[in-house]
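Data block below; observations after.
Rule-based calculations on the coordinates, nothing more; no lab input. Just so it is clear, the model here is predicted, and its values are computed rather than measured. Note: ideal-geometry Cβ built from the backbone for every residue, glycine included; neighbour counts use all protein chains shown.
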Amino acid sequence: MSDRYEIFLTCPKGLEGLLIEEAVGLGLEQAREHTSAVRGMADMETAYRLCLWSRLANRVLLVLKRFPMKDAEDLYHGVLDVDWQDHMLADGTLAVEFSGHGSGIDNTHFGALKVKDAIVDKLRTPTGERPSVDKLNPDLRIHLRLDRGEAILSLDLSGHSLHQRGYRLQQGAAPLKENLAAAILIRSGWPRIAAEGGALADPMCGVGTFLVEAAMIAADIAPNLKREQWGFTAWLGHVPALWRKLHDEALARAQAGLAKPPLWIRGYEADPRLIQPGRNNVERAGLSEWIKIYQGEVGTFEPRPDQNQKGLVICNPPYGERLGDEASLLYLYQNLGERLRQACLNWEAAVFTGAPDLGKRMGIRSHKQYSFWNGALPCKLLLIKVLPDQFVTGERRTAEQRQVEREQAQAAADEAPVRQYNKNGNPIKPAPAPAPVVEQARLSEGGQMFANRLQKNLKQLGKWAKREGIECYRVYDADMPEYSLAIDLYQDWVHVQEYAAPKSVDPEKAQARLFDALAAIPQALNVDKSRVVIKRRERQSGTKQYERQSAQGQFTEVREGGIKLLVNLTDYLDTGLFLDHRPMRMRIQQEAAGKRFLNLFCYTATASVHAAKGGARSTTSVDLSKTYLDWARRNFSLNGFSDKNRLEQGDVMAWLDSCRDEFDLIFIDPPTFSNSKRMEGVFDVQRDQVQLLDLAMARLAPGGVLYFSNNFRKFQLDENLAARYQIEEITAKTIDPDFARNGKIHRAWKVTARSVSYTHLTLPTKA
């Protein structure tokens, strides 16, 4: 065999430039860059060194042969011609990987089968001994790549992919591969910072991949030092003495590196479930003296190195799979930007993101950007120098002015406080220092315009709400068509629903406007970003409207009309309280005294609680959902109501059909459409309104009142109903100022029995 070999190094897409620099540094000659690969020439020592030291490669492939091929027969004979007895034993095991297509081979499984057949046929002994296939841990892993009519046959020296270092047995939901993490660190300048004794902090460390890779770079530890199984272990061309020499050298370098004073490397993770797995990974890597992981939120992130040294802040924020997630990430990025500006002045920062537009929302410029791929997802690495002249905030002061203020604040903090004493001679506890003012990221022109509208609405509606004693109300409802949101205040919480943009609107523009609006909301409404909940409202089908959006189980107590109600802002599309029905609930409360009240499609029974507050003789609430009825039960209990308030689970139409009770006051607010599995059939409000109202009116006591409402925008009341009942549309009387802009939020009617007049007839007498 030759002393020099052609070597192929594979890597994730986007790492080729870094990999070629690394490979040349490790001894690869005549190096050339390819898509997701680097090619060059090397002796056996260099090939081993690449296996041991490459932080970026996936595999190290040693080319055995190149040959032209026109069809499957050419492939078979080209592989057969190799002296396989120089590479493996006749009773050994192998695995074959095939990539590429052409020359009549468009099925990779078929291609791999032809390669395997050729090797087996070559090594088959007269006694029938032959290699067998082992896909997990073979003696030899063979790779054949088909490229424009040429077959490249290689031996995989690495065995399993080199990104599998062995320390990460536990990982989070969206793990970053080890070699990609190393590439990001190298591109971020960490080797330089580490050589200078700098610090490293990851405010969203997950299970610690960045931390471990950073420590291995700083301590000069070969990334694959602890790997025991290699692709060359059972290869007959393997030179054990040469490998032991290189491995011993790497071991000595690692021991020398670990003997140095450890750098300050810290990780912080909000999810408590990831803390121990992260610490376990650090321990397996043998880096517990170098790396510490703590539980901590991004909003409180503040790296404090032992010697006040600066360094690198690096992180890979979550990407967000649903809109609510992605939109909420805006505040995560804003928090990150605020903490960088506030607590990391003169540091460097590297943010690896699959949502680069969000990176622009941090309020700090990046001086460089690099493109990477995380699997199939295109990503950006944003490199930031955390300096005042890079800040993009709403403050119009110059960088020099900001610096003077910081120096003055620091000087004041450094001054020894003067002890003061009270008249008894006891020291007076000093007043706490005021919280530092966090400079908000500057809003875009559109975002500022939206903020102005929101502040105007808040000023107007806030006065009305305060006067009426209303804690929960709508402050914005698509007032500006380009910002199609509904924004509700629940005390000091903000509930945001984005109306899905029509298909005619460019999704990127729609998303940019959404981010502009979300950035403006905390500033305009003066609320903490953690108290903004975001959802998308789109046309619902089937039972989707009732599906859980989340599972936080966090209820907030609010007040309305002298009663307390529970709302859940996170878990469902709706919160448990329809704000537009506030006037109707107050009307019911005012009219309920001494009456038997029936609430159909009751949801969380808020109207029933109002009726009980108004002195109803009894309340009966009917809904199909056990979840909502349990919620209703909690609403009653919260207000001290229980015994005389019935909660009935069932299909409303079927329940009405079997009911024989009478009620003095009935409220019906049905869904537009429902096909729940528990229902007997499908409910459609437009189609089924007559049957529904007839069944309900049959249960209405003489002199009673029925209120009917729904929010189906195309709803038309059936004309025949007016002939049977006294019907008055009261929509305008059931809409408060916070919904005045949306006249179609709902429609409402008052329905009563028609009065019967009797005419006295004179019967004819017999002749």
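Straightening the chain between Arg365 and Arg66 buys 102.7 nm, computed as 0.36 nm per residue apart minus the Cα-Cα spacing.
The modelled label-to-label distance for the pair Thr672/Glu289, using points 7 Å beyond Cα in the direction of Cβ, is 6.7 nm.
For the stretch 231-297, which GluC sites (Glu not before Pro) pass both filters: DSSP loop (anything but H, G, I, E, B) and at most 16 other C-beta atoms within 10 Å?
Answer in residue order: Glu289, Glu297.
Between Glu33 and Leu258, full extension at 0.36 nm per residue minus the direct alpha carbon distance yields a gain of 77.6 nm. Looking at the calculated P(r) for the stretch 4-156, what percent of the C-alpha pair distances fall above 19 Å? When all Cα pairs of the stretch 4-156 are counted, 55 percent exceed 19 Å.
With the simple model of a label 7 Å out from the Cα in the direction of the Cβ, Lys509 to His109 spans 4.7 nm. Remark: relative contact order (the chain) = 7 percent; criterion is Cα-Cα distance under 8 angstrom and separation of 6 or more residues. Each of Phe210, Leu89, Ala37 was scored by the projection of its Cα onto the charge dipole of the chain, and the greatest displacement toward the positive side belongs to Phe210; charges sit on the C-beta of Lys, Arg, Asp and Glu.
Note on the chain: dipole from Cβ charges, positive end direction compared against Pro502, Phe450, Phe391; the farthest Cα belongs to Phe450. With the Kirkwood sum run over all distinct C-alpha pairs, the chain has a hydrodynamic radius of 32.0 Å. Between Glu648 and Arg4, the simple label model (points 7 Å from Cα in the Cβ direction) yields a spacing of 9.2 nm.
Using the Cα centre as the reference, give the magnitude of the dipole from point charges on the C-beta atoms of the chain (Lys, Arg: +1; Asp, Glu: -1; all else neutral), rounded to the nearest 20 debye. Please report the intermediate quantities before stating the final value.
On the way: 101 positive and 96 negative charges, 529 e Å.
It comes to approximately 2540 debye.
Multiplying the residue separation of Ala478 and Asp271 by 0.36 nm and removing their Cα-Cα distance gives an extension gain of 71.0 nm. As a rough footprinting exposure proxy, the listed residues Ser54, Ser618 were ranked by other beta carbons within 10 Å of their own, and the order from fewest upward is Ser618, Ser54. Judged by the mean number of other Cβ atoms found within 10 Å, the most tightly packed of the peptides 741-752, 596-607 leads the ranking 596-607, 741-752. Candidates Ala270, Phe708, Gly159 compared by Cα position along the dipole of the chain: farthest toward the positive end lies Phe708, with charges placed on Cβ. The stretch 354-394 and the stretch 482-499 have Cα centres spaced 28 Å apart. Place a point 7 Å from the Cα of Asp492 along the Cα-to-Cβ direction; which residues of the stretch 263-305 have their backbone N under 18 Å from it? Answer for this model: 299-300. Listed by Cβ neighbour count within 10 Å, with the fewest neighbours leading, Leu169, Leu345, Leu358 appear as Leu169, Leu345, Leu358.
Taken over the C-alpha atoms, the stretch 556-753 has Rg and Dmax values of 15.7, 45 angstrom.
Ordering Thr672, Thr353, Thr627, Thr35 by the number of other Cβ atoms within 10 Å of each residue's own Cβ, fewest first, gives Thr35, Thr627, Thr672, Thr353.
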